[in-house]
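Encoded as structure tokens, the structure appears first; notes follow it.
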Amino acid sequence: MSKSGVLLNSFRQFSSKNVTPKVCVVGAGPAGFYATQQILKVKPEAKVDILEKLPVPFGLVRFGVAPDHPEVKNVINTFDKIAKDDRVQFLGNVDVGKDVKIEELKNLYHAIVLTYGAEYDRTLNIPGENLNNVIAARNFVGWYNGIPCDKNLKIDLSGEDAVILGQGNVAIDIARILLSSVDRLKTTDITSHALEQLAESKVKRVWLIGRRGPLQAAFTIAELREMLKLPNCKTFWRPNDFTGIKDIVANLARPRKRLTELMLKSLDEAPHDKRNFDKEFHPIFLRGPTEFIGTSNIEKVKFSVNELEGEDLLKQTAKATDKFEDFPCNLAVRSIGYKSKLIDPNIPFDVKSGKIINSDGKVEKGLYAAGWVATGPMGIIISTMNNAFKVGQIVSIELDLSEDKGGYLDLKNLLNERGINVVDYHGWEKIDHEERKRGKSVGKPREKIVEISEMLKIALN
Amino acid sequence: MALRQKVMAFSRAMVPQTISKSALKAARSDQSALIFRRLLSTTNPQAQNKEVSVTFIRASGEKIEAKGKVGDSLLDVIVNNEIDLDGFGACEGTLTCSTCHLIFSKEDYDKLPEKPTDEELDMLDLAYDLTDTSRLGCQIILSEELNGLQVRVPATINDARS
């Protein structure tokens with residue numbers, strides 16, 4: 001360091017006005033980028049380093065959003081601008097908790113924002129959950145979207161019936177992918193390994209089964225409308241599931257009202273729908289899974305017949321009766337939500353809910369959480385965006401700049417010493433370029449690289 | 001959403017001279033590029049150049065005046081004038097988010113020539129602070145009749161701070 005540099009540094013320790021605020025964001029998904037954007041807006045002099053476990057950024061926008069929804073991925077253009085800002089560094093292939101500890105980051109930064117999402121899936125904890133072809137939604141999505149650890153997922157699509165447990169938008173995405181023609185998917189960025197298997201798929205009927213009723217359905221209306229319009233596929237509802245619903249629909253608040261009206265309209269129109277179809281979509285309500293049955297492969301799922309109880313119609317809970325119904329199937333996908341991983345024992349964590357313990361994003365002095373790791377795996381990008389903006393603002397306001405921090409340079413040195421191959425944003429751009437090039441030759445926007453070693457080879461070359 | 005509707009929504013936002021760079025990039029690589037080019041060649045250049053003035057009102061009451069051209073969407077006006085609204089227009093006018101939500105007066109809402117499509121209403125259903133006179137900015141195309149329009153930007157984090 002030059003003499004003036006040393007002088008400047010020692011001066012900084014005495015004057016907080018000259019201390020550059022340094023913030024570390026852990027997880028390069030929507031919450032991470034939106035928090036970064038907000039911090040830079042409130043504190044334009046700040047520097048933000050975004051750490052990511054994988055060599056590639058964008059989290060669930062790359063790995064969660066369905067391949068046939070490319071428009072939703074336009075937010076990447078905003079994230080790209082943020083990442084290219086002079087005040088921002090992307091450090092990919094850095095596994096916080098393993099490669100660098102939270103305590104170490106605390107010494108290097110004025111604040112840490114944990115935005116690493118929810119990568120584990122919830123289990124039902126019922127008998128038979130380990131049978132072959134009982135698959136977690138998280139792995140299924142990772143398989144078609146190119147999450148490196150899901151590339152070799154063993155999935156058998158040779159049967160005609162697939163049961164999906166859960167009725168959120170992830171469940172709908174999976175139903176749509178299973179019921180789409182390969183022609184519809186082959187021009188998307190779906191992984192080639194998934195496309196090959198889906199081309200051979202014999203799945204004809206998808207049963208989307210929820211514990212509660214139509215008024216509690218978790219999918220949103222755009223996703224349902226898309227299913228209803230899916231070419232070559234017809235939707236079947238059970239009239240009994242809608243008993244009494246027509247009478248109260250007018251009193252519902254607009255979003256729930258429109259969603260319910262769309263279901264009722266589809267129910268009424270179904271007998272008159274004369275389109276050709278050879279695939280079937282069956283949303284089923286009021287059935288709670290009690291057992292996966294089969295010898296080695298899944299053969300059927302046993303459900304309790306449920307009733308609803310509770311005053312508030314929209315918040316009613318399911319109560320099992322003594323009746324049961326079996327749904328034969330050759331594939332069962334469990335899509336009942338995600339939970340977060342505890343990446344470092346020093347983070348206050350609620351194991352039951354699978355979230356970091358926080359109050360409006362604040363975990364403790366200098367440590368914050370935003371997005372799904374803080375709120376739980378709920379809502380769409382806009383909810384994560386609003387949450388991350390709010391947390392980003394709190395972080396910026398509460399920064400304690402009484403001492404200078406080492407930030408990026410010191411972290412980079414530390415990681416180098418530990419032999420970690422950090423992928424910077426330019427490295428990601430090289431991967432991006434290669435993926436687009438490979439995609440072009442097969443008529444896809446990109447062919448995702450699913451081997452971490454291959455990503456590193458391209459990025460670090 | 002049906003492809004036809006997507007293309008319609010997309011091409012409506014794709015009026016010449018006013019598109020953001022990223023939207024233009026998207027249009028070039030998108031299937032709707034053809035339609036885009038067709039629009040480019042048939043839109044009347046005279047009408048396009050007519051300026052229309054719009055006032056955006058934040059929940060805090062702050063007024064932001066901006067100008068757009070006939071054929072611009074309200075989202076274009078915000079992008080082209082670099083109006084600072086966090087997260088606005090996240091999906092870049094492709095009708096897959098609700099971040100360009102704007103609130104109209106009853107009178108202006110009723111005057112708008114095109115009623116919202118089911119797909120626009122579907123997205124609005126997910127918007128924060130939804131009202132009966134809410135629309136998505138990407139779906140409102142400026143005409144001379146809209147000159148002097150005032151629209152409210154729903155309460156956001158921006159306003160919470162001030």
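Quick notes on this one:
- Given charges at Cβ of Lys, Arg, Asp, Glu: the range A:140-254 dipole, positive-most of A:GLY213, A:ILE172, A:ILE155: A:GLY213
- Amide H contacts of A:ASN306: A:ARG287, A:GLY288, A:THR321, each under 5 Å away and 5 or more positions distant or on a separate chain (H built 1.01 Å from N in the peptide plane; Pro and chain starts excluded).
- Ranking A:GLY366, A:THR290, A:VAL182 by how far each Cα lies toward the positive end of the dipole of the protein assembly as shown (charges on Cβ) leaves A:VAL182 at the top.
- Cβ-defined net charge surrounding B:GLU144, 10 Å radius [Lys, Arg +1; Asp, Glu -1]: -1
- Chain A - Rg (one decimal) and Dmax (whole number), Cα, Å: 24.3, 84
- The HN-Hα couplings worked out from phi for the range A:136-141 by the Karplus form 6.51 cos²θ - 1.76 cosθ + 1.60 (θ = phi - 60°) are 7, 3, 4, 6, 4, 5 Hz, whole numbers, x standing for Gly and Pro.
- Globularity ratio of the range B:45-162, using Cα Rg and 2.2 N^0.38 Å: 0.99
- The figure for A:LYS430 is an accessible area of roughly 60 square angstrom, using a 1.4 Å probe on the protein chains alone.
- Shape call, the range A:114-251: gyration tensor on alpha carbons, a/c limit 1.5: prolate
- Simple rule: put +1 on each Lys or Arg Cβ and -1 on each Asp or Glu Cβ in the range A:266-341, find the dipole, and look at A:VAL305, A:ALA318, A:ILE336; the Cα lying farthest toward the positive end is A:ILE336.
- Net charge dipole size for the protein assembly as shown [Lys, Arg +1 and Asp, Glu -1 on Cβ; Debye, nearest 20]: 740
- The contact between chain A and chain B removes approximately 2600 Å² from the accessible area (both sides summed; 1.4 Å probe; ligands, DNA and RNA excluded).
- Coil-residue GluC sites (Glu not before Pro) of the range A:370-461, DSSP, other Cβ within 10 Å capped at 13: A:GLU403, A:GLU451
- Residues in the range A:87-125 that a label on A:GLU364 would reach, taking backbone N under 16 Å of a point 7 Å out along Cα→Cβ: A:97, A:101-114
- Cα-based shape type of the range B:61-103, given that a ≥ b ≥ c are square roots of the gyration tensor eigenvalues and the cut on a/c is 1.5: oblate
- Here the protein assembly as shown has 51 percent of its accessible surface on carbon and sulfur atoms, given a 1.4 Å probe and all protein chains in place.
- Rounded to the nearest 20, the Cβ-based charge dipole of the range A:341-392 about its Cα centre (Lys and Arg +1, Asp and Glu -1) stands at 40 debye.
- Approximate spin-label separation A:SER441-B:LYS111, in nm, with each point projected 7 Å along Cα-to-Cβ: 5.8
- Partner lysines for A:LYS22 [C-alpha distance under 16 Å; skip if fewer than 8 residues away on the same chain]: A:LYS41, A:LYS43, A:LYS47, A:LYS106, A:LYS365, A:LYS405, A:LYS412
- Relative contact order for chain A, counting Cα pairs under 8 Å that sit 6 or more residues apart, in percent: 24
- Paramagnetic label reach from A:LYS341 (point 7 Å along Cα→Cβ; backbone nitrogen cut-off under 17 Å): within the range A:34-56, residues A:51-56.
- Förster-model FRET efficiency, 45 Å R0, A:ASP95 and B:GLU145, C-beta, rounded to 0.05: 0.20
- Calculated FRET efficiency for the pair B:TYR128/A:THR321, C-beta based, R₀ 41 Å, to 0.05: 0.60
- Take the protein assembly as shown with all the other protein chains still there, run a 1.4 Å probe, and you get 45 Å² of accessible area per residue.
- Violating pairs (Cα-Cα greater than 28 angstrom) within the set A:LYS98/A:LYS186; A:LYS302/A:LYS448; A:LYS341/A:LYS390; A:LYS101/A:LYS390: A:LYS98/A:LYS186; A:LYS302/A:LYS448
- Tensor-based shape of the range A:355-461 (alpha-carbon gyration tensor, a/c under 1.5 rounded, otherwise prolate or oblate): oblate
- Rounded to whole Å, the principal axis extents of the Cα atoms in the range A:204-346 read 50, 39, 38, largest first.
- Measuring spread by the Cα atoms of the range A:406-461 yields a radius of gyration and Dmax of 14.1, 46 Å.
The values are calculated or read from the model by the stated rules, or taken from the named source; none is laboratory data. No experiment lies behind these values; they were computed from the predicted model shown. Because the Cβ atoms are built from the backbone with ideal geometry, glycine has one as well, and the counts that use them run over all protein chains shown. Side chains included, ligands, DNA and RNA excluded: accessible areas come from the protein's heavy atoms. Shrake-Rupley method; radii C 1.70, N 1.55, O 1.52, S 1.80 Å.
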